[in-house]
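Have a look at the structure below, then the notes.
Where a number appears in this text, it was derived from the coordinates with a stated rule and is not lab data. Quick caveat, the model's predicted, so the values are computed rather than measured. Ideal geometry is used to build each Cβ from the backbone, glycine not excepted, and the neighbour counts take in all protein chains shown.
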Amino acid sequence: MGELFGTDGIRGVVGEGLTSRTAFALGNAAARARQGTRIVLGRDTRASSDMLALAFAAGALAGGGNVLDGGVLPTAAVSYFVLKKEADFGVVVSASHNPARYNGLKVFGPDGRKAGEKAERRLEKYMGEYAFAGPLSMGRYLPFSGREEYIKSLVSCGRPLHGKKFVLDCANGAAGKVAPAVFERLGAKVIAACTGEGGADINEGCGALHPEKLRRLTLAAGADAGFAYDGDADRLIACDEKGNIVDGDRILCIFAAAMEKAGKLSGRTVVGTAHTNTGAELYLKKMGVGLIRTDIGDKYVAEAMQKSGAALGGEQSGHIILAEYAVTGDGILSSVKLAGLIAEKKLSRLAGEIRLLPQVNACVRVKDKVRLLGDEHLRAVIDRAAEGVGRLVVRASGTEPAVRIFAEAKTKRAARAAVERVRAEIAAREG
């Protein structure tokens, strides 16, 4: 990870950590990949996304690159069009699940996967060394309408859903014009919520980070299930017909069971992360399926899948990668495939078979996360707190100036105590 790039691209508060100058520099750096670089550009609905997208495009064009701008698109759609249009890069202007004041720049390589650390370091180097093409060799800005094609591609991955009812919480983000259309074309009755494009309320009290809204809507509608996405629609959190929230770990296990039964789970292996619940790991083990754990971040999951040949991977947060259909996490695709399984068996039954251990998470904003986590006294506190739980993970956030604390134990009380002990120590040091 470089100075600018975190676990999911460049991210920050617009006008502070992230400016039009940053976007211009990244566009200019991407244009140096080769003569006539082709870049697919997409964005979510944030108020700042147009400004950053156009600044990025200006940098790329000034450097001789060509920008194919798809407008508001889910992150996975940009990955899809990178492959379809044989582009050198894909860039998504989005801060994913973060509040509206944040934004970000996610970079994809020519294989449709998120750029690796080597590519990120190269881009960072070029971002400090502007290069400008001559007046007759500057790039072209080429808007394209890809939403309909992407909707059709998702429909082709699904099965008929006639007689089924689903609530879709689109987080006032990129899913708003895509997910409802996909489910309607598959024959389902759709109750679509939070489909606004105003940009100021993206992820605000809705979407994958606020499943309580999804629960209320699903129960009120008497729906077969509810699906919630985040701002750029690469996450999925579900709700069963009884109002129980189904997170990424359970969704991963449900897909693993279905794929194993169909003989599609290559290597009988699934990729998860350090946060993947031990209960999920035990569930997989009972089926004879192994779990590979990676660092937090769906790009690390994707890398491990590519190396191991695994057909399935995902995160507790709802990033699910189904290698048969896509090379990156796609919340809408995941919901389409999960709905297909729900057509045969209620989600409460599919998810109820998976017993998870209690976990507690906390996020503490700090001034210098790297310096803090290098403190020997804090490490000693963390080691002592870890003695009372099954697993304790304290790490620097890859997307915010914060430290994330995760604990898993046999009881919620033990997990909460461990997290609070570490959180209190960090708070005392931040003073």
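Some values worked out for this structure:
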item	result
Size descriptor, Kirkwood hydrodynamic radius, that averages inverse alpha-carbon separations across the range 332-377, Å	14.9 Å
Straight-distance crosslink candidates among aspartates and glutamates, where the alpha carbon sits under 12 Å from Lys264 and sequence neighbours closer than 8 are dropped	Glu324
Cα-Cα P(r), the chain, percent of pairs per 20 Å interval	26, 58, 16, 0
Most mobile listed residue (Pro211, Pro135, Pro160) in the chain, GNM with C-alpha springs under 10 Å	Pro135
Relative pair counts by distance (%), Cα atoms of the range 78-188, 5 Å bins	2, 9, 13, 16, 19, 16, 11, 7, 4, 2, 1, 0
Potential extension, Glu430-Asn361 segment - 0.36 nm per residue separation minus Cα distance	22.9 nm
Contour excess over end-to-end distance, with Cα ends at Glu117 and Glu376 and 0.36 nm allotted per residue	90.4 nm
Cα-based convex hull volume of the range 5-145 per residue, rounded to whole Å³	93 Å³
For the range 28-111, average projected area of the Cα convex hull in nm²	4.7 nm²
Local electrostatic count, Asp330, Cβ distance below 11 Å [Lys/Arg +1, Asp/Glu -1]	-1
Proximal lysines to Lys242, defined as alpha-carbon separation beneath 23 angstrom and excluding residues fewer than eight positions away on the same chain	Lys164, Lys165, Lys189, Lys213, Lys337, Lys345, Lys346, Lys412
5 angstrom amide H check on Val167, placed H, neighbours 5+ away	Ile191, Ala225, Gly226, Phe227
Solitary cysteines of the chain, where the nearest other Cys Cβ is not under 4.7 Å	Cys157, Cys170, Cys239, Cys253, Cys363
Principal axis dimensions, largest first and in whole angstrom, of the range 265-361 by Cα	34, 30, 28
Exposed chymotrypsin sites (Phe, Trp or Tyr not before Pro) absent: longest stretch of the chain, with sites in DSSP loops and at most 16 other Cβ within 10 Å deemed exposed	145-431
Stretchable slack from Lys346 to Glu184, in nm (0.36 nm times residue separation minus alpha-carbon distance)	56.3 nm
Least to most buried among Asp111, Asp88, Asp234 (fewest other Cβ within 10 Å first)	Asp111, Asp88, Asp234
